Amino acid sequence: AEQFKDEEKTLEDLKFMSSQYVYVEEGRPLRKGESNLKFYYYDPEAEGKMTHLFKVPVLETQKVQDLCQDLLRYLNDAKPNGKGGNKYELEHMRIREKLKGGPGAIFQSTCALNRGLKSFRKFRDGDSLVIQKIPKPEVFDKKKNHMVFVHQFERDHDRLHRRREIIVSRLTKVEELVPELMAIAEDMNDCKVEEKNIGVGVGKLTSATTVADCINMKWKALKDLDSSLRLQQALGVRSEGTLIFCDLATSVKSKPSEKKSAARGRGTRFKRPNRGGKRATENGISISVSSKPRPAAPERALKIWTNAEKAAEAKKKEEEEKQRKEAQKTSSDTAGPTGGGGGGGRPTR
């Protein structure tokens, strides 16, 4: 339940009602601007499951990089390993939001905790965050850095390794990315991948990359790219994009699938597809009647009006209406009165 943090508020301000329950527990009361948050441990190098660590009060306006240092000291005291550290061997961390399917967005290191994501976040007591273990310290600022997902694909076994996350600068050049890829390849494989044989490709932004996508991918040799170009200029990799690399010297197990492109004739856009013949019965004999594609109605032309053309059209209609009324008035005057007086009766003697 939410704790009462502002001691200057009255019971009326806190909207107390008659016969309402108030729970009192032992511990330091939260101050204004603090929230009691749950923290979970996440190591992508291990099984990838999240483990509950502790629940501690956190100041929402504290910088994320300062909070990481405080959490590391608290973790060393709560889960010691007897060597001055913690049992998870965690030395560097990043803080992420917790989602149902796993860890979510990364909090920016240079911002306050409640402003570390894209929009302001109001924390409540009991909200959860994730502490992720990372191999080296990092400073994540969305104005200067972005996160890139990296996969390695083994072409000789059709194997797509698990996803890695790296933080790079928006000005990172191709030559600066090579050591990151070599480190991932060395960690993934028993055999060493040579830099001259690395091929790179870009995965999908809208969905997860599959083995079939990697088989059909057009690889670019890393040595043929201009090393002075930025990563986005050379490969088109944006923030939270997917970069896939492979060893071009290895043999290919599966060949890319051939895409059959049927030639579309003129007018096929407006024709219904042929769904086969229909069955009918004539004189007790079953016959098959073939159905021919029926052309659809052609599209109506689109007329785009400007304001001047619209005003001229309205003026033209007004003039035509005026002329029609004048013509009706003139015809009624020339015809004269009908059916009245004694014009229609028989003469008297």
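Quick note: the coordinates plus some simple rules give every number you see, no bench work behind them. Given the structure is predicted, the values throughout are model-derived calculations rather than measurements. Cβ placement follows ideal geometry from the backbone for every residue including glycine, while neighbour counts extend to all protein chains displayed.
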- The simple spin-label model distance between Lys83 and Glu318, using points 7 Å out along Cα→Cβ, in nm, is 9.2 nm
- Considering the dipole of the stretch 100-156 built from charges on the beta carbon (Lys and Arg +1, Asp and Glu -1) around the Cα centre, which of Asn145, Cys111, Leu129 is farthest to its positive end? Cys111
- Message: List the pairs from Lys49/Lys218; Lys83/Lys136; Lys87/Lys196 whose alpha-carbon separation is above 28 Å, in the order I gave them.
- Response: Lys49/Lys218; Lys87/Lys196
- So how much slack lies between Leu229 and His161, counting 0.36 nm per residue of separation and subtracting their Cα-Cα distance, in nm? 21.8 nm
- Task: Provide the FRET efficiency to the nearest 0.05 for the Tyr74-Ala105 pair, computing r from the beta carbons and using R0 = 25 Å.
- Result: 0.60
- Listed peptides 215-225, 117-127 by packing density, highest first (mean Cβ within 10 Å): 215-225, 117-127
- Message: Testing the spin-label approximation: label points 7 Å from Cα along Cα→Cβ at Lys122 and Glu176. State their distance in nm.
- Response: 4.0 nm
- Distance check, please: which entries in Lys32/Lys142; Lys5/Lys143; Lys100/Lys133; Lys204/Lys253; Lys118/Lys253 exceed 31 angstrom between their Cα atoms? Lys5/Lys143; Lys118/Lys253
- Item | Phi-based couplings in Hz for the stretch 143-154 (Karplus 6.51, -1.76, 1.60; Gly and Pro marked x) | 6, 10, 10, 8, 9, 10, 8, 10, 10, 10, 10, 9
- Message: If packing is taken as the average count of other Cβ atoms within 10 Å, what order do 298-306, 25-33, 105-113 fall into, highest mean first?
- Response: 105-113, 25-33, 298-306
- Taking the stretch 152-230, the equivalent ellipsoid from its C-alpha gyration tensor has semi-axes in Å, biggest first, of 20, 16, 13
- Query: Using the Karplus equation 6.51 cos²θ - 1.76 cosθ + 1.60 (θ = phi - 60°), what ³J(HN,Hα) coupling, rounded to whole Hz, does each residue of the stretch 217-228 give in order, writing x for Gly and Pro?
  - Reply: 6, 8, 7, 10, 5, 5, 6, 7, 7, 6, 5, 7
- Note on the structure: Two pseudo-spin positions, 7 Å from Cα along C-beta at Leu205 and at Ala311, lie apart in nanometres by 4.3 nm
